[in-house]
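Reviewing the structure listed below.
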Amino acid sequence: MEIRSVGVVGAGQMGSGIAHVFALAGYDVVLTDISADGLVRAITTIDKNIERQVSRGKVSADDKAAAMARIQTTLKLADVGPCDLIIEAATERETVKQAIFEDLLPHLKPHTILTSNTSSISITRLASRTDRPEKFMGFHFMNPVPVMQLVELIRGIATDQETWDTMHEVVRKLGKTAASAEDFPAFIVNRILMPMINEAVYTLYEGVGSVKSIDESLKLGANHPMGPLELADFIGLDTCLAIMNVLHDGLADTKYRPCPLLTKYVEAGWLGRKTQRGFYDYRGETPVPTR
Ligand code: CAA
């Protein structure tokens with residue numbers, strides 16, 4: 001099946017990055033959110049990020065203009081219904097995602113493929129609440145979407161081969177690389193990455209190292225582009241905690257116990273870059289460690 005139009009639900013960090021790469025790859029994109037301000041912010045971000053690609057000679061000015069013209073925004077969820085492919089990229093809470101799929105069902109075309117950009121929630125369970133579990137998949141992008149090469153394709157228990165093949169072809173057309181993952185808590189990337197970040201928070205909590213020494217150790221000692229605490233702030237500490245909880249609940253192993261310090265930061269509303277405070281304080285010129 002050929003995909004031409006794509007509906008993106010949620011205009012946050014991930015949804016706007018997804019709209020960006022689809023529009024540049026020639027797809028018609030309908031981007032929806034419950035917040036009008038969120039939609040305006042998303043378009044501003046996409047414009048700025050494509051402009052960055054233009055200034056580095058990676059995208060032409062004409063291609064940028066064409067891509068921006070392919071993105072429509074709407075506050076009405078029903079407007080994405082007629083698209084060939086829908087990507088849900090809302091908050092990482094199962095009840096929110098389920099409500100979105102429930103509201104979408106009456107507006108879908110029979111051939112529409114439904115996907116979720118969830119970083120950890122069961123695809124099989126989300127799919128089972130829809131009318132098309134065979135046309136439902138996990139479609140997990142990495143942040144920042146325009147830069148990161150990988151997309152995880154997650155098969156639910158009922159996903160059919162045609163849907164998987166169609167999505168694999170979409171990833172190829174985006175110029176990215178797909179990794180196939182089975183539907184177990186947090187799939188591949190986050191199953192490995194989040195326990196590492198959680199361990200970095202334990203290392204801080206137990207006083208083994210400071211924020212600076214932990215991040216420098218992994219950057220200079222293991223060649224990671226960002227230290228684990230800097231990366232946690234970048235991803236969002238609420239998202240990190242939500243994923244650790246999914247691992248802990250889903251695999252029932254104490255090795256996935258979220259660090260109490262991570263919980264404390266989230267309870268304080270210090271969620272990382274998006275709230276300007278997390279393991280670093282971003283309110284000044286340069287980020288300052290908060291511990
Ligand atoms: N849109 C478009 N281009 C962007 C961009 C964006 N949002 N952000 C960065 N770029 C481009 C820059 O223009 C630059 O391009 P050139 O190579 O042409 O110069 C390139 O990316 C590198 O950017 P910078 O020079 O500004 O900064 P940097 O070298 O420090 O790299 C980074 C930034 C790419 C984010 C790098 O630090 C990195 O790879 N960090 C790790 C990111 C990571 O691990 N992501 C996965 C998180 S886990 C996840 O997403 C899964 C989940 O479910 C939680």
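The values are calculated or read from the model by the stated rules, or taken from the named source; none is laboratory data. Bear in mind that the values here come from a model prediction, so they are computed numbers and not experimental data. Cβ placement follows ideal geometry from the backbone for every residue including glycine, while neighbour counts extend to all protein chains displayed. For the accessible areas, the whole protein counts, side chains as well, though only heavy atoms, and no ligand, DNA or RNA atoms are used. Shrake-Rupley method; radii C 1.70, N 1.55, O 1.52, S 1.80 Å.
So which residues in segment 15-33 are hydrophobic (A, V, I, L, M, F, W, C), in contact with a strand residue (DSSP E or B) (Cβ under 6 Å, 6 or more places away or on another chain) and not in a strand (DSSP E or B)? Passing the criteria: Ile18, Ala19, Phe22, Ala23. Can you find a residue that is of a type in the set (S, T, N, Q), surrounded by fewer than 23 Cβ atoms within 10 Å (Cβ to Cβ) and touching a residue at least 24 places away in the same chain (Cβ under 8 Å) anywhere in segment 254-269? No, segment 254-269 contains no residue that is of a type in the set (S, T, N, Q), surrounded by fewer than 23 Cβ atoms within 10 Å (Cβ to Cβ) and touching a residue at least 24 places away in the same chain (Cβ under 8 Å).
Yes/no matrix, rows are residues, columns are (1) within 14 Å of the chain's Cα centre (by Cα); (2) under 19 Å from Leu31 (Cβ atoms):
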position: Val96; (1), (2): no, yes
position: Leu105; (1), (2): no, no
position: Leu108; (1), (2): no, yes
position: His111; (1), (2): no, no
position: Ser116; (1), (2): yes, yes
position: Asp131; (1), (2): no, no
position: Phe136; (1), (2): no, no
position: Pro144; (1), (2): yes, yes
position: Ile157; (1), (2): no, no
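Taking segment 240-253 as the range and being of a type in the set (A, V, I, L, M), open to solvent by 30 Å² or more (accessible area, probe 1.4 Å) and either more than 15 Å from the ligand (Cβ to nearest atom) or free of Cβ contacts under 8 Å to residues at least 40 places away in the same chain (or both) as the test, the residues that pass are Leu251, Ala252. Within segment 202-216, if we keep just the residues that are within 16 Å of the ligand (Cβ to nearest atom) and over 21 Å from Lys255 (Cα atoms), the residue that is nearest to the chain's Cα centre (by Cα) turns out to be Asp215. Quick one: is Arg191 surrounded by fewer than 23 Cβ atoms within 10 Å (Cβ to Cβ) and within 11 Å of the ligand (Cβ to nearest atom)? So Arg191 fits the description; yes. Here segment 48-67 is the region considered, the condition is being surrounded by 15 or more Cβ atoms within 10 Å (Cβ to Cβ) and more than 19 Å from Ile86 (Cα to Cα), and the residue that is farthest from the ligand (Cβ to nearest atom) is Asp63. What tally of residues in segment 137-182 results from selecting those that are out of contact with any strand residue (DSSP E or B) (no Cβ under 8 Å at 6 or more places or on another chain) and surrounded by 15 or more Cβ atoms within 10 Å (Cβ to Cβ)? Final tally of qualifying residues: 4. Filter segment 6-45 down to the residues that are closer than 20 Å to Ile113 by Cβ and surrounded by fewer than 19 Cβ atoms within 10 Å (Cβ to Cβ), then identify the one that is farthest from the ligand (Cβ to nearest atom). That would be Asp28.
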